[in-house]
Structure formats: C-alpha cells, structure tokens
Amino acid sequence: MPDWNTPHGHKAGHTRRGAVKRLLVMLALPVAAWCRALLAGERPVPAFRAERVADALQALYGTADIPESDKLRIGMAALAENGAVVPIKVETDLPEVSEIALIATRNPVPLVARFDLPPGTRGFVATRIKLAETSEVLAIARTAGGLVMTRKAVEVTIGGCG
Amino acid sequence: MTPAATIKLRTALKGGTATIRALIRHPMEVGRRSGKDGAAVPSHFITRVTCEHNGKPVLIAHWGAGVSKDPYLSFIFEGAAPGDRFVLRWEDNQGEADSLDVSL
C-alpha cells in the first residue's frame with residue numbers, strides 16, 4: 001500500500017524503501033517456487049562430482065551437519081558377498097518425505113543416488129548399489145520436519161568398484 | 001502395450017497402494033582404463049529414471065555409476081486404481097533412453 005503521507009520520493013505516494021520491499025516480495029515467491037522445482041526435478045550435478053562425503057552433503061543440502069534419526073531405516077546385509085550388487089532399501093514413516101539420498105562413504109564418487117518423491121509417494125525406495133570396499137552407507141531423507149540421516153556399516157569381501 | 005527392450009515391470013495394486021518393482025537391463029558402466037592396451041572404457045550409466053502415474057510424476061531418480069548393473073528399483077505410491085496408466089522411462093549419459101507404459 002503506498003504511503004501517501006511521505007514527503008520523500010519522486011512518484012506520489014511511493015517511498016524507495018517501500019518499492020524495494022515490494023520488489024523483494026514479488027521476487028521471493030517465484031524464486032521459492034523455482035527452488036522447489038529445482039529440488040524436485042533437476043539433477044544435483046555438483047553433488048555427483050564430489051569425491052568426499054562432506055562435499056556431497058554440502059552440495060546436496062548446503063550443510064554436512066545432519067541429525068541422525070532411528071526413524072529412518074536402512075535394510076541391507078551387514079556382509080556383502082559381492083560388492084558390485086548390494087541390495088539396499090531405505091524406509092521411514094516420517095511424514096512428507098520428498099527426497100531420499102544414498103551415499104557410500106568409500107566409493108570414488110560417494111553419492112550413489114537421489115530419489116525425488118512427490119506427495120503421495122511413500123518414504124521407501126529399494127535398489128542395488130556398488131560398494132568399492134568395506135564402508136558405511138548413509139541415507140538422508142528430506143522430510144516435513146527437516147533433514148535426517150542414518151548410517152549402516154557393511155563389510156565387503158569382493159569390492160564392486162563404485 | 002509395446003514391450004520395452006530393456007525394462008521389466010511388476011506392479012502390485014492393493015487398496016489404492018501401488019508397489020512398483022522394475023528391472024532395467026543396462027551396463028551401468030563406471031568408466032575406467034582397462035584391457036591389455038589400456039584402452040579407456042567410457043562410462044555408460046543411467047542418469048535419470050522418471051515414473052508417472054496417469055501423467056503425474058511419482059518418482060524421479062537421479063543415479064550415478066554407483067547403482068549396480070542391470071538396476072533394480074522399487075517404490076510405492078498411493079492413489080492408484082485398476083486401469084490407471086503407469087510409465088517408467090530412463091535416460092543415460094550417452095543419450096540412450098527407453099520407456100515402458102503399462103496399465104495397473
């Protein structure tokens with residue numbers, strides 16, 4: 001709402017500060033929508049280039065400091081007979097899971113996959129991954145309550161050169 | 001339905017919940033130097049899998065070469081009914097792609 005009483009501004013009823021505020025508000029909504037679209041559909045290219053776990057987390061989420069939660073569960077054998085094909089599932093009952101990422105801590109490229117889940121899709125994914133060597137697998141979920149992580153150690157007898 | 005060359009889908013529908021199990025034939029090659037002459041094997045892996053239910057996305061998977069050869073994928077979504085359309089499509093880093101279209 002223009003301020004009709006202000007003595008400043010070359011246009012009647014407009015302050016420069018008010019105009020800047022309105023501009024920021026006008027920009028914020030489409031930027032937020034774009035960020036949402038970006039998160040939902042675009043490939044996280046820098047994260048797939050990261051060679052260290054902390055760099056992958058930073059690229060994915062802007063932080064490497066993610067709280068661990070036992071409400072996010074990894075189903076995977078503790079001993080992988082064949083590191084080239086390691087079945088893994090990740091599941092949670094936490095509400096509104098929009099992303100699940102998988103990181104193999106000792107693979108040359110730690111980020112293995114990111115699953116983008118629209119509303120209506122459950123917090124569950126299963127796949128098979130390569131593990132280069134005995135290591136941990138991290139799963140990170142983006143939920144309505146924020147980011148959560150869990151980890152599981154796995155012993156690999158024959159490395160799968162991930 | 002035209003069978004896809006590389007995609008096998010199993011779908012289970014129970015009370016509005018659809019469980020999808022997919023097996024995709026693909027080398028998921030990491031890319032490395034190997035062979036007696038040291039020739040490079042270029043990387044060749046699926047980068048993206050998109051699944052749609054009645055035209056609406058229900059999963060987008062971004063993959064690196066760390067997903068196993070002949071990748072398996074399973075996930076679950078709600079709001080499905082018999083006869084609904086489900087499509088899985090993959091694309092890889094060499095410009096190849098395939099898709100499969102089924103009725104739940």
- So is residue B:104 within 16 Å of the chain's Cα centre (by Cα) and surrounded by 16 or more Cβ atoms within 10 Å (Cβ to Cβ) or not? no
- Of A:40, A:101, the only residue that is at pLDDT below 95, closer than 21 Å to residue A:123 by Cβ and surrounded by 14 or more Cβ atoms within 10 Å (Cβ to Cβ) is A:40
- Number of the exception - residue A:134 against (1) surrounded by fewer than 23 Cβ atoms within 10 Å (Cβ to Cβ); (2) in contact (Cβ under 8 Å) with a residue 40 or more places away in the chain: (2)
- Query: Out of the stretch A:67-81, which residues are farther than 17 Å from residue A:125 by Cα and either more than 21 Å from the chain's Cα centre (by Cα) or hydroxyl-bearing (Ser, Thr, Tyr) (or both)?
  - Reply: A:69, A:78, A:79, A:80, A:81
- Which of the residues spanning the stretch A:75-87 are out of contact with any Cys (no Cβ under 8 Å at 6 or more places or on another chain) and facing chain B (nearest Cβ under 10 Å)? A:82, A:85, A:86, A:87
- Message: Can you tell me which condition residue A:122 does not meet? The list is (1) in contact (Cβ under 8 Å) with a residue 24 or more places away in the chain; (2) more than 8 Å from chain B (Cβ to nearest Cβ), and all the others hold.
- Response: (2)
- Scanning for something within 30 Å of residue A:104 (Cα to Cα), touching a Lys or Arg at 6+ places or on another chain (Cβ under 9 Å) and touching a residue at least 60 places away in the same chain (Cβ under 8 Å), does the stretch B:82-97 turn up at least one residue? yes
- Task: Go through the stretch B:47-83 and count every residue that is among the acidic types (Asp, Glu) and more than 7 Å from chain A (Cβ to nearest Cβ).
- Result: 2
- Message: Condition first: crowded, with 23+ Cβ neighbours inside 10 Å, in a strand (DSSP E or B), in contact with an Asp or Glu (Cβ under 9 Å, 6 or more places away or on another chain) and among the aliphatic types (A, V, I, L, M). Now tell me which residues in the stretch A:104-131 satisfy that.
- Response: A:104, A:125
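The values are calculated or read from the model by the stated rules, or taken from the named source; none is laboratory data. This is a predicted model, so every value here is computed, not measured. Counting neighbours? That spans all protein chains shown, and the Cβs are built from the backbone with ideal geometry, glycine included.
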